[in-house]
Amino acid sequence: MNQVLVVAEHSAGRLNPATAKCVSCAAAIPDATIAVLVLAADGAAVAAQAAALNGVSRVLLASHPASEPALAAVLAPQIAKLAPGCSHVFGPSTTFGRDLMPRVAALLDAPQVSDVMAVDGAHRFRRPCYAGNAIATVEVDADRPVVATVRVASWQPAAAGGPAPVERVSADVALPAHTRFVSVSAGRNDRPDLQTAARVVSGGRALGSAENFALIQRFADRIAAAVGASRAAVDAGYAPNELQVGQTGKIIAPELYIAVGISGAIQHITGIKDARTIVAINKDPEAPIFEVADLGLVGDLFRIVPEIESLLAAS
Amino acid sequence: MGKVLVGIKRVIDYNVRVRVRPDGTGIVTDGVKMSINPFDEIALEEALRLRERGAADEVIVASLGPDDAQQQLRTALAMGADRAILVRADGAPEPMLAARALFALVQREQPTFVIVGKQAIDDDASQTGQLLAALWDRPQATFASKIELSGASARVTREVDAGLEVIDVDLPAVFTTDLRLNEPRYVKLPDIMKAKKKPLDVTDLATLGIDATPRQRVVRLEPPAQRQKGVIVKDAAELVAALKQKGLLA
Ligand SMILES: Cc1cc2nc3c(=O)[nH]c(=O)nc-3n(C[C@H](O)[C@H](O)[C@H](O)COP(=O)(O)OP(=O)(O)OC[C@H]3O[C@@H](n4cnc5c(N)ncnc54)[C@H](O)[C@@H]3O)c2cc1C
Ligand SMILES: Nc1ncnc2c1ncn2[C@@H]1O[C@H](COP(=O)(O)O)[C@@H](O)[C@H]1O
């Protein structure tokens with residue numbers, strides 16, 4: 001029997017969709033019993049959402065005022081205290097999970113497998129490396145727990161089910177005061193979320209200015225898409241950092257990805273390889289983005305994008 | 001005043017198109033250009049700026065890797081680091097080993113800051129800094145795009161999924177660098193000459209008292225599934241028609 005503990009990610013009382021994907025990955029472990037751990041100031045609402053995921057057999061709710069906003073140094077000792085008996089401890093490959101899970105792994109003296117994209121057995125996983133240019137099959141020792149981050153772009157969210165019972169737990173452990181939350185600047189959230197959107201329109205360096213980048217935003221709004229950007233566009237200040245797509249930004253898997261004025265560097269492609277359909281608009285017919293695009297259109301984006309919009313408006 | 005310890009990993013240069021060996025045992029490395037992991041150049045640049053601002057008086061660079069990693073350490077010395085330490089290890093050491101090696105050096109050198117990259121672009125693990133911070137029982141500020149010092153603490157801006165998060169951490173602490181933290185300086189020719197005289201110590205895991213047995217093994221590498229090359233449409237009207245036909249646009 002494998003006992004998988006999934007660490008829930010949440011904010012403002014809402015469970016992050018990445019957690020439902022971790023549950024799907026956990027369910028791929030043979031003979032798995034899945035518990036979701038919610039660490040929060042209160043957390044009752046989040047626990048109820050986690051309890052309603054198919055495959056979850058119980059939710060552990062550890063309420064502590066210090067647990068929100070989430071800081072790895074504060075959460076990790078609690079998780080390590082509550083994890084004994086678990087064969088696996090999973091978190092999402094979001095910045096929350098990437099920050100937190102290695103700290104848990106060190107406290108448990110356990111190996112961590114990052115970005116699990118497939119489960120081949122309880123101790124055998126597949127993960128991308130070299131910016132997605134290679135897929136590694138990794139085997140870990142079975143004599144201790146396995147910590148992993150789950151590559152969210154590779155998994156579908158667990159369906160609705162349950163509800164599973166919610167148990168209150170408390171990790172009786174000293175929490176450090178050496179790390180303190182100050183603030184977070186969230187971007188505008190009236191657009192679909194980049195990581196879960198079915199459609200994404202991304203702009204690159206070719207946009208040339210923050211003012212011109214509004215073209216991408218307008219197009220995205222027109223087709224109810226999230227907005228993304230290449231690193232070059234973020235570095236140049238056309239778009240905020242949280243919109244960066246790629247090896248060092250967000251790895252996404254929308255139904256439709258439209259790359260506008262993006263050359264298609266390997267670090268960018270890594271972030272979109274799992275998209276169902278990739279569309280590229282670029283004036284350079286040799287741009288590498290066309291190697292991976294299902295539909296390509298060679299030409300000037302400043303002419304083409306408005307044209308697409310008026311075609312859509314007309315129909 | 002204190003020391004800064006910077007992790008320098010030798011990796012395949014980010015411009016190289018990485019290829020898996022046909023037998024699935026590894027990556028093609030013959031004749032391939034090797035470099036400092038790009039995030040580690042940023043880590044070193046930040047360390048040099050801390051020293052230049054008077055917040056530190058010595059920058060130590062350290063690498064766990066093969067003898068050849070001395071090349072990257074020499075480059076780091078040429079960029080401006082004061083001294084280098086190579087911890088010799090064969091193969092591709094896993095993040096936990098890198099963290100243990102860095103932790104052994106932390107105990108020896110007692111730095112105020114440890115700066116590493118947010119990820120190595122070969123294993124893409126994004127673990128080492130966090131593992132080290134936990135072993136050391138000190139704060140971590142990962143994915144940093146801004147580090148400001150104020151007395152015995154640092155205010156760090158972090159690139160997180162939601163946007164930019166700001167946290168305060170007491171020193172000593174571990175920082176991991178994001179791409180927008182700074183732009184690394186270029187190495188000048190005279191500095192390369194000077195770097196040859198800077199100290200570069202070589203040690204190994206056994207001397208540091210570290211068990212090198214890996215906890216995870218890569219049993220196979222394979223190329224990723226290739227996407228089919230698609231079609232080039234002639235104009236916007238054809239594109240919109242194709243998207244509608246696929247049911248992707250209404
Ligand atoms: C360690 C590392 C990590 C990285 N991580 C990422 C990452 O996560 N995400 C990422 O995106 N990049 C990343 N990069 C950067 C990456 O290598 C590229 O530099 C970057 O993706 C280029 O962005 P771009 O395509 O917008 O710009 P460019 O490469 O400059 O491409 C601009 C494109 O626009 C086209 N164009 C210009 N004008 C027009 C016009 N009027 N109409 C139509 N097309 C036009 C040009 O033909 C060109 O193809 C990383 C790099 C490193 C070293
Ligand atoms: N073998 C190594 N030698 C020196 N530093 C390393 C080594 N491995 C990892 N690091 C540091 O840790 C960072 C993150 O690496 P990783 O956890 O492998 O993604 C790198 O950017 C380096 O700064």
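The values are calculated or read from the model by the stated rules, or taken from the named source; none is laboratory data. Please read these numbers as outputs of a predicted model, since none were measured by experiment. Please note: Cβ atoms are built from the backbone with ideal geometry, for glycine as well, and neighbour counts cover all protein chains shown. Please note that ligands, DNA and RNA were not included when accessible areas were found on the heavy atoms of the full protein model with its side chains. Shrake-Rupley method; radii C 1.70, N 1.55, O 1.52, S 1.80 Å.
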In segment A:73-95, residues that are within 14 Å of chain B (Cβ to nearest Cβ) and either open to solvent by 10 Å² or more (accessible area, probe 1.4 Å) or more than 29 Å from A:Leu243 (Cα to Cα) (or both) total 9
Show me the strands (runs of 3 or more DSSP E) found entirely inside segment B:1-113 where at least 3 residues are within 16 Å of ligand 1 (Cβ to nearest atom) and either within 29 Å of A:Ala105 (Cβ to Cβ) or in contact with an Asp or Glu (Cβ under 8 Å, 6 or more places away or on another chain) (or both).
B:10-12, B:34-36
Those residues of segment B:137-169 which are within 20 Å of A:Ala106 (Cα to Cα) and not hydroxyl-bearing (Ser, Thr, Tyr) amount to B:Asp137, B:Arg138, B:Pro139, B:Gln140, B:Ala141, B:Phe143, B:Val169
Filtering segment A:196-222 down to residues that are open to solvent by less than 10 Å² (accessible area, probe 1.4 Å) and aliphatic (A, V, I, L, M) yields A:Val200, A:Val201, A:Leu207, A:Ile216, A:Ala220
Could you please find all residues in segment A:255-266 being hydrophobic (A, V, I, L, M, F, W, C) and open to solvent by 10 Å² or more (accessible area, probe 1.4 Å)?
A:Ala265, A:Ile266
Residue check for A:Met1: at pLDDT below 95 and not basic (Lys, Arg):
yes
So B:Ser145, is it at the interface with another protein chain (Cβ under 9 Å from one of its Cβ atoms) and polar (S, T, N, Q):
yes
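Residues are listed down the side, and each one gets a yes or a no for (1) within 13 Å of ligand 2 (Cβ to nearest atom); (2) crowded, with 16+ Cβ neighbours inside 10 Å:
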{"site": "B:Asp30", "(1), (2)": "no, no"}
{"site": "B:Asn37", "(1), (2)": "yes, yes"}
{"site": "B:Ile42", "(1), (2)": "yes, yes"}
{"site": "B:Ala47", "(1), (2)": "yes, yes"}
{"site": "B:Glu52", "(1), (2)": "no, no"}
{"site": "B:Gly65", "(1), (2)": "yes, yes"}
{"site": "B:Asp68", "(1), (2)": "yes, no"}
{"site": "B:Gln72", "(1), (2)": "yes, yes"}
Being within 21 Å of B:Leu200 (Cβ to Cβ), open to solvent by less than 20 Å² (accessible area, probe 1.4 Å) and touching a helix residue (DSSP H, G or I) at 6+ places or on another chain (Cβ under 7 Å) is the requirement here; does B:Val11 meet it?
no
Here is a list of conditions, (1) at the interface with chain B (Cβ under 10 Å from one of its Cβ atoms); (2) free of Cβ contacts under 8 Å to residues at least 60 places away in the same chain, and A:Ser209 meets all of them except one; can you say which number that is?
(1)
Residue count for segment A:96-113, restricted to those that are more than 9 Å from A:Val147 (Cβ to Cβ) and either open to solvent by 30 Å² or more (accessible area, probe 1.4 Å) or within 16 Å of ligand 1 (Cβ to nearest atom) (or both):
4
Tell me yes or no: at least one residue of segment A:89-108 is assigned to a loop (DSSP other than H, G, I, E, B) and closer than 30 Å to A:Ser67 by Cα.
yes
Counting only residues that are part of a strand (DSSP E or B) and of a type in the set (Val, Ile, Thr), segment A:159-184 contains a total of 4
Would it be correct to say that B:Gly91 is within 12 Å of ligand 2 (Cβ to nearest atom) and out of contact with any strand residue (DSSP E or B) (no Cβ under 9 Å at 6 or more places or on another chain)?
yes
Only unsatisfied item for A:Thr277, checking (1) facing chain B (nearest Cβ under 7 Å); (2) within 13 Å of ligand 1 (Cβ to nearest atom); (3) β-branched (Val, Ile, Thr), is (2)
Is at least one residue of segment A:161-175 within 22 Å of the chain's Cα centre (by Cα) and either open to solvent by less than 20 Å² (accessible area, probe 1.4 Å) or within 12 Å of another protein chain (Cβ to nearest Cβ) (or both)?
no
Considering each residue of segment A:247-266, count those that are away from ligand 2 (no atom under 16 Å from the Cβ) and either within 11 Å of chain B (Cβ to nearest Cβ) or on the phi > 0 side of the Ramachandran plot (or both), and give that number.
10
Could you list, ordered by first residue, the pairs with Cβ atoms under 6 Å in which the first is in segment A:239-266 and farther than 14 Å from A:Asp193 by Cβ and the second is within 6 Å of ligand 1 (Cβ to nearest atom) and among the polar types (S, T, N, Q), at least 6 apart or interchain?
A:Gly246/A:Gln267; A:Gln247/A:Gln267; A:Ile262/A:Ser230
Examine segment A:280-294 for a residue that is out of contact with any Asp or Glu (no Cβ under 6 Å at 6 or more places or on another chain), touching a residue at least 60 places away in the same chain (Cβ under 8 Å) and among the acidic types (Asp, Glu), and state whether such a residue exists.
no
Being within 13 Å of ligand 1 (Cβ to nearest atom) and not small (Gly, Ala, Ser) is the requirement here; does A:Asp221 meet it?
no
So in segment A:267-305, with the set limited to residues that are farther than 21 Å from A:Ala197 by Cβ and open to solvent by less than 50 Å² (accessible area, probe 1.4 Å), which one is nearest to ligand 2 (Cβ to nearest atom)?
A:Ala287
Looking at (1) open to solvent by less than 50 Å² (accessible area, probe 1.4 Å); (2) within 12 Å of chain A (Cβ to nearest Cβ), which is the one condition that is false for B:Ala241?
(1)
Yes or no: B:Gln110 over 13 Å from the mean Cα position of the chain (by Cα) and at positive phi?
yes
Kindly provide the set of residues from segment B:220-238 that are under 12 Å from A:Thr277 (Cβ atoms) and either at the interface with chain A (Cβ under 7 Å from one of its Cβ atoms) or in contact with a Leu (Cβ under 8 Å, 6 or more places away or on another chain) (or both), ordered by number.
B:Arg227, B:Gly230, B:Val231
